[in-house]
Amino acid sequence: MPDDSWHKLRTTTLALFALALASVCTINSTHWIGSTFPGFFVMSNRVIASVTLPHWPSADSEIFQHEVVAIDGHPIATPQALYKRIAESPAGTRFVYTLLKDGKRSFYTAASMKFTSRDYLLIFVPYLISGLGLALIGIVVWYSKPEAPAGLALLIGGLSGGLFAVTATDLYSPYWFFRLHVLGEAFFPASLLMNLAIVFPVDRFRRHRRLLLSIPYVAATALGIAYEIFLYRPRAYSLIHDLCMDFTGLGGATLLMAVGWDFFTSDSQLVRQRIRVLLLGLVGGFAFPGILMFYSGITGGEVPVNYAGFTVILFPLSIGYAIVQHDLFEIDALLKRSAYYMTISVTLAMGYLGFLAAADWALHSSAIARSTYFPLLFTLIVIVFLNPIKDAVQQTVDRIFFRLKYNPKKMLEFTSAVLASTLRLEDIVSFIWETIRSTMGIEAGGIFVRSAPARAYERIFPLANDGLLLDEHLLLAGLTDTGGRILSRPDLDENPRAGQNREMRRRAFDSVSAEILIPVALKRDLIGFIAIGKKESGGFFSADDVDFLKALANQSALSIANALAYREIQSLNAALEQRVEQRTAELSRSNHELHSSVLRLEQAYADLQRSKQDLSRAEKMATLGRLAAGVAHEMNTPLGASMTSLKLLQNLVSEYESSVGDPTVSTTDHREIAFEMSTLVGSTRDWLRKAAAHIGSLKLHTRALQNMDVRSFSVLQIVEDVGLLLSHRLRLSQSRLVVECSSENPQLHGDPGKLGQVLTNLLSNAIDANREAARPNAEIRIAVQEDGDTLTIRVEDQGPGIPREDLPRIFDEFFSTKPFGEGTGLGLSIARDITSNFFNGMIAVESTFGKSSTFIVRIPRAGGSTRARSVAA
């Protein structure tokens, strides 16, 4: 099979070429209408074409294939000069033409005439219709059946024949396509006739096809080359033209002999049906031309025979139909209608003419015949006898041409009643098979039903010991390819989708001795099929046979399906009690196992909840450990300074005690000692207050989540406490905390410890981000802004940013962008839960990868209970 798009392009190109060529030739040929011409046509080589009409002077002469060498004694070199000489004189002027053939000169005298629209209709229109029809039929058939050798043969023949016929309108002027015309003439008999005879109606020489096909095409090539070389040598041209005509006759005879041989020797139903279609095309295409020529002969040529070109196209059309159509059984109905209408037409015409003759003979001198009422009476008599004559002719045609040994209607009525009376599968299939055998005399075959366990089709009648099974997929594909129609043995060769399964399907046909398979389907479900073998009489199946079998299969489908369902119900009822007991026991065990599973699931859920709490507590303790380490480092300085002050103060106290009662120590000295002691006490107090602040900030983060301390508090104080708590980590990361606020002292209602935990997690992540970026003097900005009833806190770092694909999961539990081992993935999740659950707020993130990240916390200033949502922006 060729590529579909490439195949469409090729066929479209060919069709457009044929239409374009026909359009050009049509436009060029219309200039003849109204022109004055000799009464015959002259080709480019000055040879008179073998074309005429009964009312032309050339119809009664023998001037065809003669070369015109002079007119009125004046030599002419080109046909254009001849036409110009004729056109310069009025129509009816007589001219003397000097003709040459086989070296002998002769003279022909005739008057010029006007070329009319009627002449154009009789000469050029048949050329155009036949040529374009031939080309398009070949293209359409090749498009539909590109894999069929006959389709390719019809394409080549249609194109060459169409080229020959369409360019025939150009032969007499302006001679644009003269060389194309002779090539089409040379190749037409080789392609349409001799090539088709080798591959149609059956491809009989598959192995040696190319060798045999080369013979006619070599001959056509030789004729085409000779035509092109000697085209303008009239004597040689006429000889080659005669050879092409002989070649055409030989090709037609070869095709007819091949068709006749296949009709009498082939046992293939498809081949015979194709031949019947071909014969119908022969009758339709050539019966009218034959009758027309006969009538023209007996009337002395008064009737033009060019009308015959209108029906010739029916012959290639019948060939194309036989190639494309698989199911040719309907040709019986077509033949039946054709025979009926032809017979009824002839009968009525003869009866009508006979009645007229009898009435004229009997009543020509009677007053009744001269009466004005006689035509009305005659019409009424014809109407009265029309229907009886028509019915009698139809019955005669049915009895002679298409008589059956059975009455399909009565048989179907009888089978319907019988099939509806039983549900036993054995009785149903036995009756169906007996009906088929008795009506058609079938030698072999059987009824097959799908066997579900084996995934195959099992023959259930006639029963045999071999237990015949046919693969389900193989036959399903074959019956599906037919589109619900019957599947015949020739379909295997003609169906391109059969592919490598073609031989397997052929063996399946042979195994059941079948010629056709009738699908038994119920609601598009193929439940089985009926295999039909050859008839005992040796005849082939008609359209009525096929219609009867299909109707019987449709009736049988429901009965077989009901019988199969009834058999299955019986089997189910027989084992129902046992299955109910088994199901009850299984249900009891399942309930016990389900109860155990529920208990295990409850325990697992409780363990999961505890694990989640433990993980949250572990994250909090890990954060608290890091904070405690920072606070311990920060408290070393104030505690060390306090110890130094206390030591100095102790020295001053000892000095003061020793100075008591010492006359050398003046009051001024005592005052200086007291001042130094006071200064040391103040410094110690300041250092201890700073240590107390660190301890207070740490205490802020040691409360459990369930301990609530709801009140109004200063947001800046919480920010300051968090900054103090993480001051040690800020210095280690070389970061600087910058706090901005749009108002003097923004207040928030809620638990200050929870907000501190959120800010601690965000600030810790910002410190880690700046440390990873390793930018000197990096900043962490905390911006607090009041926006109506909402407080917005933005924490912005100068780290590497977050990848875009990670933003939607940044708040998921256990998800972290930090290196392995440096984070638990719970910090942002806890911050989201606190913001949503305890402040009715929301937290979002904005990040520019490679530059910075900003976490945005929006909290209603009055608090609330409605849960907000987290957004990763």
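The values are calculated or read from the model by the stated rules, or taken from the named source; none is laboratory data. Computed from a predicted model, the values in this text were never measured in an experiment. Here Cβ is always computed from backbone atoms with ideal geometry, including for glycine, and neighbour counts include all displayed protein chains. SASA here: full protein model, heavy atoms, side chains in, ligands and nucleic acids out. Shrake-Rupley method; radii C 1.70, N 1.55, O 1.52, S 1.80 Å.
Across region 59-144, the fraction of Cα-Cα pairs farther apart than 20 Å, rounded to a whole number, is 54%.
With Cβ to Cβ distances under 9 Å as the rule, what net charge do the other residues near Ile767 carry (K, R +1; D, E -1)?
Working: positive: Arg729, Arg771; negative: Asp768, Asp797.
Neighbourhood net charge equals 0.
Residue by residue, region 421-436 carries 3J(HN,Hα) couplings of 9, 9, 10, 7, 4, 4, 5, 5, 5, 5, 5, 4, 5, 5, 5, 5 Hz when phi is fed to the Karplus relation 6.51 cos²θ - 1.76 cosθ + 1.60 (θ = phi - 60°); x denotes Gly or Pro.
The value of relative contact order for region 720-850, using C-alpha pairs under 8 Å at least six residues apart, is 25 percent.
Its Kirkwood hydrodynamic radius, worked out from the mean inverse distance over all distinct Cα pairs, puts region 738-808 at 13.8 Å. In order along region 794-799, phi translates into HN-Hα couplings of 10, 10, 10, 10, 10, x Hz, rounded to whole numbers, per the Karplus curve 6.51 cos²θ - 1.76 cosθ + 1.60 with θ = phi - 60° and x for Gly and Pro. Basic side chains Lys and Arg get +1 at the Cβ, acidic Asp and Glu get -1 at the Cβ, and with that the dipole of region 1-123 about its Cα centre reaches some 220 debye.
Multiplying the residue separation of Phe230 and Leu558 by 0.36 nm and subtracting their alpha-carbon distance yields 110.7 nm. With contacts taken as Cα pairs under 8 Å at a separation of at least 6 residues, region 773-834 carries a relative contact order of 22 percent. The apolar share of the surface of region 20-136, taken as the fraction of accessible area on carbon and sulfur atoms (1.4 Å probe, ligands and nucleic acids excluded), comes to 60 percent. Taking the 1.4 Å solvent-accessible surface of region 717-771 as the whole, the part contributed by carbon and sulfur is 48%.
Extending 7 Å from the Cα toward the beta-carbon at both Ser658 and Leu639 defines two label points whose distance is 3.1 nm. The calculated P(r) of region 154-241, using every Cα pair and 5 Å bins from 0, goes 3, 15, 21, 22, 17, 10, 7, 4, 1, 0 in percent. Considering only Ile793, Thr848, Phe815, and ranking their Cα positions along the charge dipole of region 780-859 that arises from unit charges at the beta-carbon of Lys, Arg, Asp and Glu, the one farthest toward the positive end is Thr848.
Remark on Ser61: its backbone amide H falls under 5 Å from none of the residues 5 or more positions apart or on other chains, H modelled at 1.01 Å from N. Couplings for region 585-598, taken from phi via the Karplus curve 6.51 cos²θ - 1.76 cosθ + 1.60 with θ = phi - 60°, read 4, 5, 5, 4, 5, 5, 5, 4, 5, 5, 4, 5, 5, 5 Hz in order; Gly and Pro are left as x. The C-alpha radius of gyration of region 95-245, expressed as a fraction of 2.2 N^0.38 Å, stands at 1.25. Taking each of Lys84/Lys104; Lys409/Lys523; Lys145/Lys523 in turn, the alpha-carbon distance tops 28 angstrom for Lys145/Lys523. Here the simple spin-label model places points 7 Å from the Cα toward Cβ, and for Glu88 and Thr668 these points are separated by 15.8 nm. Note on Phe107 and Leu412: the model spin-label points, each 7 Å out from Cα along the C-beta direction, lie 7.8 nm apart. Near the amide H of Ala110, within less than 5 Å, lie the amide hydrogens of Phe95, Tyr97, all on another chain or at least 5 residues away, with H placed in the peptide plane. In this structure, the amide hydrogen of Leu522, modeled 1.01 Å from its nitrogen in the peptide plane, lies closer than 5 angstrom to those of Ile527, counting only residues at least 5 positions away or on a different chain. Taking a sphere under 15 Å around the Cβ of Ile240 and counting the other residues whose Cβ falls inside, with K and R at +1 and D and E at -1, yields a net charge of -2.
Remark: region 1-91 carries 48 Å² of accessible area per residue (probe radius 1.4 Å; ligands, DNA and RNA excluded). Taking R0 as 56 Å, what's the FRET efficiency between Ser430 and Thr584 from their Cβ-Cβ distance, rounded to 0.05? Rounded to the nearest 0.05, the efficiency is 0.85.
The alpha-carbon atoms of region 19-101, seen along their principal axes, cover 42, 28, 27 angstrom, with the largest extent given first. So for region 115-216, taking the charge dipole from beta-carbon charges (+1 Lys/Arg, -1 Asp/Glu), which of Asn195, Gly184, Gly158 sits furthest toward the positive end? So the residue we want is Asn195.
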